[in-house]
1. When a footprinting reagent is the concern and you count Cβ atoms within 10 Å, what order do B:W58, B:W73, A:W63 take, fewest first?
2. Quick check on the stretch A:1-113: take the gyration tensor over C-alpha atoms, sort the square-rooted eigenvalues as a ≥ b ≥ c, and tell me if it's rounded (a/c under 1.5), prolate or oblate.
3. By counting other Cβ atoms within 10 Å of each Cβ, how are A:F93, A:F6, A:F98 ranked from fewest to most?
4. Rounded, prolate or oblate for the stretch B:1-45? Axes are the square roots of the Cα gyration tensor eigenvalues, ordered a ≥ b ≥ c, and the cut-off for rounded is a/c under 1.5.
5. Please rank A:C3, A:C34, fewest neighbouring Cβ atoms within 10 Å first, as an exposure proxy.
6. At a Förster distance of 41 Å, what's the computed FRET efficiency of A:S102 paired with A:R78, Cβ-Cβ distance as r, to 0.05?
7. Could you tell me the calculated FRET efficiency between A:R21 and B:E44, based on Cβ-Cβ distance and R0 = 35 angstrom, to the nearest 0.05?
8. Output the pairs from A:K59/B:K178; A:K8/B:K178; A:K8/A:K55; A:K59/B:K69 with a Cα-Cα distance over 22 Å in this structure; if there are none, say none.
Amino acid sequence: MNCSEFEKRIYLYRELTVTEREITDQHIAHCESCSALAAQVFQQQEMVRMVSSVKSTVKDPEWLTQRIMNSVERKEKRISRSDGIATFLDSLFVRYAFSALSILLIAFFYVEQQSADQVQPIAKIEIKEGTVLNTSSFFKSHLNSRQKKETTLSISRYSYNRSERLVKTL
Amino acid sequence: MAEQVPLEMITRAIQGDTDAFRDIVNHHQAFAYAVSYRFLGNAEDAEDVVQEGFIRLWKNLHNYKPEVKLTTWLYRILVNLCLDVLKSSQRKQQRNSREVKEEGALAHYSATDDDVRAQELHELIQEAASELSPNQKAVFILRDLEDLTVEEVCSILSMSAGNVKSNLYYARQQMSEKLKKYYQTTDKITTI
């Protein structure tokens, strides 16, 4: 074993087995650099041990306990409330009520469907064989509507000219 | 590690007795806070973690197995919460290390608050620990500061013994470097 391996053992001295400690101790006794490192590490570990006895304490332990218990009780209340709802929904009465409601809804849907089927279909216009479609009536109505549009256009043009003239005279 | 609470008290708490749980909280609160403070170096965060830790304990108390110590279980919950806080934000971690420096004088100590040197060392080690990786920090705190056995550390952190020792080696090495630097600059090593 070389010094770098013993170095690791020095840092982990507390975790070594009895035999490992004996071997390490023998090396430290003969190696100057490892002996110096061991002295330094053991001194520092002693300092850390000294610090381990220093423990931070809560400023107000009662307040913290109350804070913890408040949140625990709040959670408990929430759980018991949801438990209450769950037990209510799980009761036999509610189950029967929901089943009855479902049956009623299905029945209602069925009745609605039936009534929708009774709607009269749009009467079909039967066209006799050999009938020729007369387009003159369609064109007549088209011409009438065009004439009407033109008349309204000329009226609006007349009223616009008149108002323009009025503005000029004013 | 804190003393165990009677099993009868735990059984009553499992049955929903909040008064029994209050006794458990009173019994373990000091150790829970001390551990959380060592991890986070900040009173406010430590209190939040303690609160959340006890809430988790209450919620999962029905899973309690008497063969596992309640303190080991609580340690596991607290360490996980602390590691979550540490991992969640690097910025927060930096802020904490600054606060450790600032709050050092305000921190409350139990029996040895008159020991200025111990207090100074405490702050120094807390600051040095804040620079370790979360796993190294957890191993260092549990093994060297909380003085738990390697087996307990393995159980709390769900780590193998080899992994624990490896993290411990690097943590102690870094800690040693920090302490060496500090005592070289302040020339205090002779006074220890």
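No lab work stands behind these numbers, since they all come straight from the coordinates. It should be emphasised that the depicted structure is a prediction, and the values quoted were computed from it without experimental measurement. Positions of Cβ are backbone-derived with ideal geometry, glycine not excepted, and every protein chain shown enters the neighbour counts.
1. Ascending number of Cβ neighbours within 10 Å: A:W63, B:W73, B:W58.
2. In terms of gyration-tensor shape, prolate.
3. Working: A:F93 8, A:F6 18, A:F98 11.
Lowest count first: A:F93, A:F98, A:F6.
4. Working: a/c = 3.82, a/b = 2.21, b/c = 1.73.
It is prolate, given that a/c is not under 1.5 and a/b is the larger ratio.
5. Result, fewest neighbours first: A:C3, A:C34.
6. Step by step, r from the Cβ atoms, then E = 0.85.
7. 0.20
8. On the way: A:K59/B:K178 30 Å; A:K8/B:K178 17 Å; A:K8/A:K55 29 Å; A:K59/B:K69 27 Å.
Flagged as over cut-off: A:K59/B:K178; A:K8/A:K55; A:K59/B:K69.
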